[in-house]
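Data first, discussion second: the structure below is written as structure tokens.
Just so you know, all these numbers are worked out from the coordinates, no wet-lab data involved. All values derive from a computational prediction rather than experimental measurement. Backbone-built Cβ (ideal geometry, glycine too); neighbour counts: all protein chains shown.
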Amino acid sequence: MDFKKITLSLALSTIPFMGFSAEYYVRPAATGSADGSSWDNAIAFATMYENINNYNNGDTFYFSGGVYTPAKVIGITNGYTFIGGFDPALTGTNHDTPIYPSSTPTVFSGDLDGDGAMSPGDLNRLLAFNTATKDDSKKVILKGVEFTKAYSTQSTTTEGALWIRNCGYVEVDNCRFYGNVDDKYYGGMAFTGEYSTAYFNDCEFTNNRAVSRGGAIRLSSNSGTKGLTVFNRCLITNNKVDKNVGSAILVQQGIGLYLINCMVTGNKSGEETGAIYSNGSDATYSRNVYIVNSTIAGNEGGAQVQMTDNANLYVANSIVVGNDTHAPFNITSTKDFTGKYNIVGNDANNILSWDETNMTGKGLSDVFGSQDVASASPTIPYGATAGELSEMVSSWGIAADLTVDKDGVARGSVSVPGAKVGEPQTTTIDVTDIKYATYYNSLGYIMPESIKGAVAPSTSGDRLTTDWKYQPGNIVPAASALLVSGEAGSHQASLKLAENSKDENLLKGSDIPQLTSGGSKYFKLANDAEGGLGFYYGAADGTAFTNGAHKAYLAILSESPAKAFFFTSETTGINQLAKDAEAAAPTYNLTGQRISKSYKGIAIRNGKKYMVK
């Protein structure tokens with residue numbers, strides 16, 4: 001028997017055959033024949049990792065739960081798929097994707113000396129990819145892997161638990177990055193991305209630290225056409241920089257940073273700096289920062305978002321609020337800015353111009369009270385509808401699902417701003433027994449199913465023209481003063497951030513009791529004993545009166561002689577019919593004699609007494 005041939009054959013069986021994609025099963029220690037063909041014949045991680053660049057581009061590796069500590073840093077040049085979190089008890093070739101977070105996690109650790117502490121001999125990178133591509137021809141896909149205990153005391157850019165350079169496509173799903181530390185200068189010890197395109201979905205970055213340049217994440221580039229990073233449904237919390245420039249994320253160079261359905265909270269800095277810090281644009285790098293359906297709040301030591309000159313900032317359906325010490329935005333100047341349907345605080349330099357769809361000037365306690373930001377369900381209005389959001393971000397190149405929140409909960413046709421879906425703030429519209437009322441709100445709202453609303457664009461004589469344009473389920477613009485009609489009772493309406501009303505409307509209102517303004521004569525809705533339902537003087541001779549909170553009134557600028565204005569119901573004409581019937585009813589004096597129109601004094605009509613002057 002030729003033992004040399006047998007030995008050579010066994011050695012070759014652990015090295016992949018070049019030419020086609022394959023699947024391999026990996027454990028911390030080998031089992032069976034160790035060729036990676038099944039869990040029973042799993043290849044040892046040390047062997048697989050030592051030969052990593054001999055595998056075929058596109059190969060897939062399944063990792064059982066356990067701790068994996070590379071013996072050294074190896075630069076990976078092909079595109080591979082690593083999937084972790086499989087139960088070590090599995091046999092055969094079962095690789096149904098685990099439910100994450102896995103109860104048997106696959107942990108990549110930099111604790112090379114095994115002492116459980118950060119020490120100079122530990123690894124400063126756990127997985128390092130450089131595929132030298134601009135496209136997805138060498139896809140890197142990582143799923144269900146945890147990265148921890150990467151440690152650096154060097155002043156170098158080649159560090160980070162996950163480090164990628166010049167990669168055309170990297171996808172990271174359901175991965176956790178925690179306890180990675182830089183004790184020197186460059187930061188980004190959880191993730192450093194250099195001139196690459198990367199997509200993170202359902203990932204967590206927690207308890208990472210750096211001296212400077214990104215407590216968890218550092219992004220850079222060497223080309224104006226490279227450097228795009230998307231974080232979708234990610235939690236970035238409790239990271240720290242001892243000094244400055246990004247307690248959570250630093251954007252040095254690149255095309256753009258996208259934060260979609262993300263929660264960024266509880267990150268801290270030793271010196272004043274933003275949790276998210278980005279340089280502004282220049283002739284080479286656009287450095288766009290997009291914040292959509294996200295919550296950035298409760299980060300300590302500086303602004304929530306900080307950008308230098310010529311910032312390109314785009315914010316939609318998000319919450320960005322700080323504490324009383326630091327404004328949530330610290331922007332030196334802007335080149336391009338869009339912000340709609342957000343709840344935000346002020347910016348330190350008064351650079352950002354938020355339109356009426358935003359709720360501005362809010363602090364951390366205004367939105368979250370004493371609740372923990374990460375778990376809170378704040379009482380806030382709805383933000384953008386799905387249609388409004390889609391239209392707004394259509395030119396932003398969003399590569400993420402906007403229909404669900406951070407936890408994968410469906411946002412539906414409309415949702416509150418921020419990372420997490422919640423119940424909206426509501427208001428009550430009270431309709432009296434006459435089935436009519438007025439209502440005003442400085443915020444928009446969704447018309448309840450049981451009522452409808454009208455604006456009043458004009459008058460003719462004593463007739464008030466009404467346009468019943470807001471039907472049940474319609475979005476009513478902010479600052480709308482309406483005549484409403486429906487069943488008597490209290491009707492709950494969901495508040496919504498919206499553009500101010502552009503309606504031609506003689507009705508006005510206020511959120512608080514306030515003296516009427518905007519006209520020369522003022523009228524309020526009443527059901528007068530003689531005239532019936534209509535708008536009548538609220539004070540003698542139509543002078544100004546104090547309008548009630550969330551009530552609407554009629555303001556007339558013209559010198560109309562009318563002392564009241566009447567309107568017709570959209571569907572039945574009930575108001576005018578009642579008015580006409582009232583006018584046609586016979587009238588009597590106190591002795592019971594029918595009287596003519598020329599009579600002066602106390603009269604009786606339909607059993608009601610009134611004075612005829």
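Assorted remarks:
- When peptides 384-395, 544-555 are ranked by their average number of other Cβ atoms within 10 Å per residue, the highest-first order is 544-555, 384-395.
- Pairwise centroid distance, computed over Cα atoms, of segment 223-247 with segment 424-471, Å: 47
- Legend: distances between Cα atoms for LYS406/LYS452; LYS435/LYS563; LYS268/LYS502; LYS184/LYS335; pairs beyond 32 Å are LYS406/LYS452; LYS268/LYS502; LYS184/LYS335.
- Among PHE20, SER558, LEU142 - extreme Cα towards positive end, dipole of the chain, charges at beta-carbon: SER558
- Gyration tensor over alpha-carbon atoms, the chain, equivalent ellipsoid semi-axes in Å: 69, 25, 18
- To the nearest ten degrees, helix 3-13 and the longest principal axis of the Cα atoms of the chain are 10 degrees apart.
- Helix 574-584 vs. the chain, principal-axis angle (Cα, 0 to 90°, nearest 10): 10
- For the chain, the relative contact order comes to 6 percent (Cα pairs under 8 Å, sequence separation of at least 6).
- A straight Cα-to-Cα reach below 16 Å connects LYS420 with the aspartates and glutamates ASP202, GLU204, ASP372, ASP401, ASP405, ASP407, residues fewer than 8 places away in its own chain not being considered.
- Sequence ranges 92-99, 502-509, ranked by mean other-Cβ count within 10 angstrom, highest first: 502-509, 92-99
- Dipole magnitude of the chain, debye to nearest 20 (Cβ charges: Lys/Arg +1, Asp/Glu -1, about Cα centre): 1720
- Separation of segment 248-264 from segment 95-174 is 19 Å, based on Cα centroids.
- Projecting label points 7 angstrom from Cα along Cα→Cβ for GLU300 and THR426 puts them 3.7 nm apart.
- Inter-label distance, nm, simple model (7 Å from Cα along the C-beta direction), ALA132/ASP183: 3.6
- Three semi-axes describe the equivalent ellipsoid of segment 174-423; taken as square roots of 5 times the Cα gyration tensor eigenvalues and ordered largest first, they are 24, 19, 18 Å.
- The magnitude of the dipole of segment 327-428, with charges of +1 and -1 set on the Cβ of Lys/Arg and Asp/Glu and taken from the Cα centre, is near 100 debye.
- Using R0 = 45 Å, the C-beta based FRET efficiency linking ALA540 and GLN492 works out to 0.80.
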